[in-house]
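Q: Next up is a structure, given as structure tokens.
The values are calculated or read from the model by the stated rules, or taken from the named source; none is laboratory data. Not measured: the values here are computed from a predicted model. In this analysis, Cβ positions are derived from the backbone assuming ideal geometry, glycine residues included, and neighbour counts consider all displayed protein chains. Quick note on the areas: whole protein, heavy atoms, side chains included, nothing else; ligands and nucleic acids left out. Shrake-Rupley method; radii C 1.70, N 1.55, O 1.52, S 1.80 Å.
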Amino acid sequence: MVNQELYNIGKARTVIRRLFDYGKEQRKLGNVVYDFSLGNPNLQPPKEVIDTLRELSIENPDGLHEYTLGPGLESTRQAVADNLNKRFGLELEGKYVFMTCGASPCLRASFEALKESPDDEIIMLAPYFPEYPLFIKNAGLKSVAVPCKDDLTPDFDALEKAINPHTKAVIVNSPNNPSGIVYDEATTKALVDVMERKQRELGRPLIMITDEPYRELVYGVPDHCFAKDWDNSIICYSFSKSLSLPGERIGYIAVNPKMEGADDMYWALSGAIRMLGYVCAPALFQRVIEKCLWAKPNIAQYQKNHDLLLDNLTRIGFECTHPDGAFYICIKAKDGDSEALSELAKSLGILIIPCDEFGAKGFVRIAYCVKEQTIIDSIPAFEKLYELMNK
Ligand code: PLP
């Protein structure tokens, strides 16, 4: 009676959810757990967000909770474009911005909009967000995972080999989930060089889907918008992480106006969002973010967590990624057995995620969007973990 494939996906609990639920149970039982499982920002939204919410609820302007047009409020879309233009030197117009329910629908709609034939392929540079392959499959395209190097940095030789006449787009995610790696200038240039060579060979636009929900969460390196580097790009953005609003479901797609066929892409994305049944992004939060585009996350607190964890993990002896962004660090498991390391950690009360599903085989992810005290308290358990891992 029901679609078996969707039933299976619905029934399956991801390792992230399993560990998160385990943590909740343990806390109920009064046991200590150091829960680094979920990328759920622990910080409150910035003051501007709280103040705007308060003002809107007091003023209660007409239409506050009405449907907006599918692409969103014109003033919000223009404000997003202005903000990106000022910060990154883009030439966006509001008419190319489409407000969405977070980054997930942006990605899902982009795949849908690009699909012309069932042979079409989307390239995912490992490590990648494990929802990509599901979304791509559900949109009727093929996902192609391009492996990364041993330190989880991108392998552009492998990318060059993977791009073929069926390739529609390459997804780029920097700052990266799960590694925390941020592309520096040289890495971005190497990516663009490959894309340019292959685009020329293909003789048609090769799209870059830039998945940027962690754009502003960077430590000591500049924030970056990849539309600056690649004309044929679609920006997928979410305020889930930068403004600590994951439960409010607010983000946007922006089509680079320099894209060949930008208007066609915009309308195909519009069609995709409609067919997926999103109707419009939350009306209240469109108004909130319009007023809070310049608000900043508490980078100092995340930076403290980042430094504290990285310093201690390297002191203990763990091999770590070099994360300049997001709120994730990956550590390497002995003999590449990330499941075993995650289980061992669980026995010590540390909840960390094996990254094989992210295309980062042999690594385990630590999400440090937690209270600083949790990190401080967890250090002896990490010391024990290292000792047991190497026994
Ligand atoms: N892309 C990446 C890389 C993510 O890590 C996440 C969420 O964790 C998403 C997209 C989805 O974000 P949203 O909550 O806005 O749907």
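Q: Which three extents, in whole angstrom, do the alpha-carbon atoms of the chain cover along their principal axes, largest first?
A: Projected onto its principal axes, the Cα set of the chain covers 59, 57, 53 Å.
Q: Let me ask you something else. Under a 1.4 Å probe, what is the accessible area of the range 61-292 per residue, stated in Å²?
A: 40
Q: While we're here: Tell me the carbon and sulfur percent of the accessible area for the range 247-391, rounded to whole percent, probe radius 1.4 Å.
A: 51
Q: What spacing in nm lies between the two simple spin-label points modelled at Glu160 and Lys334, each 7 Å away from Cα in the Cβ direction?
A: The two pseudo-label positions are separated by 3.9 nm.
Q: What number, rounded to the nearest 500 deg cm²/dmol, is the helix-based mean residue ellipticity at 222 nm of the chain, given -39500 (n - 2.57) per DSSP H run of at least four residues and division by all its residues?
A: On the way: 13 runs with 165 residues, N = 391.
Taking each H run of at least 4 residues, the total per residue is -13500 deg cm²/dmol.
Q: May I pose another question? So which lysines can Lys258 reach, going by Cα to Cα under 20 Å and dropping same-chain residues fewer than 8 places off?
A: Lys86, Lys95, Lys168, Lys189, Lys198, Lys228
Q: May I pose another question? Against the globular-protein guess of 2.2 N^0.38 Å, express the Cα radius of gyration of the range 61-292 as a ratio, rounded to two decimals.
A: Against the empirical 2.2 N^0.38 Å value, I get 0.96 for the range 61-292.
Q: Still on this structure: If you add up the charges near Phe285, with Lys and Arg at +1 and Asp and Glu at -1, over every other residue whose beta carbon is less than 9 angstrom from its beta carbon, what do you get?
A: Details: positive: Arg249, Arg287; negative: Glu248.
That works out to +1.
Q: Okay, next question. By average Cβ neighbour count within 10 Å, what is the ranking of 52-61, 298-307, 89-98 from highest down? The partial results should precede the final answer.
A: On the way: 52-61: 12.1, 298-307: 16.1, 89-98: 19.0.
Top of the packing list down: 89-98, 298-307, 52-61.
Q: Taking the square root of 5 times each eigenvalue of the Cα gyration tensor, what semi-axes in Å does the equivalent ellipsoid of the range 318-391 have, largest first? If you can, show how the numbers build up before the last one.
A: Values: eigenvalues 61, 54, 21 Å².
Taking √(5λ) for each Cα gyration eigenvalue gives 17, 16, 10 Å.
Q: Going highest first, how would you order 319-330, 76-87 by mean Cβ packing within 10 Å?
A: So the peptides 319-330, 76-87, ranked by packing, come out 319-330, 76-87.
Q: Count charges around Val194 for me, please; just the other residues with Cβ under 15 Å from its Cβ, Lys/Arg as +1, Asp/Glu as -1.
A: Around Val194, the surrounding residues sum to -1.
Q: Please report, in cubic angstrom per residue, the volume enclosed by the convex hull of the alpha-carbon atoms of the range 139-193.
A: Numbers: hull volume 5.3 nm³, N = 55.
Normalising the Cα hull of the range 139-193 by residue number yields 97 Å³.
Q: Please compute the net charge surrounding Ile235, taking Lys and Arg as +1 and Asp and Glu as -1 over other residues with Cβ under 14 Å from its Cβ. Each step should come with its number before you reach the end.
A: Working: positive: Arg77, Arg87, Arg215, Lys228, Lys258; negative: Glu91, Glu93, Asp211, Glu212, Glu216, Asp223, Asp229, Asp231.
Net local charge, Ile235 excluded: -3.
Q: Among Gly247, Ile123, Tyr214, which residue has its Cα furthest toward the positive end of the charge dipole of the range 61-292, with +1 on Lys/Arg Cβ and -1 on Asp/Glu Cβ?
A: Gly247
Q: If you count, for each residue, the other Cβ atoms within 10 Å and average over each peptide, how do 169-180, 26-37, 346-357 line up from highest to lowest? Spell out each step's value before the answer.
A: Details: 169-180: 26.9, 26-37: 15.7, 346-357: 21.1.
Ranked from most to least packed, the peptides come out as 169-180, 346-357, 26-37.
Q: Want the number for Tyr386 to Ala12: 0.36 nm per residue separation, take away the alpha-carbon distance, what's left?
A: Extra length from Tyr386 to Ala12 when fully extended: 131.6 nm.
Q: A further question follows. Let me know the charge dipole size of the range 61-292 about its Cα centre in debye, to the nearest 20, where only the beta-carbon of Lys, Arg (+1) and Asp, Glu (-1) is charged. Each step should come with its number before you reach the end.
A: On the way: 24 positive and 33 negative charges, 64 e Å.
Computed about the Cα centre, the dipole is about 300 debye.
Q: Pop out the carbon and sulfur fraction of the accessible area of the range 4-108 as a percent, whole number, probe 1.4 Å.
A: Answer for the range 4-108 is 51 percent, counting heavy atoms of protein chains only.
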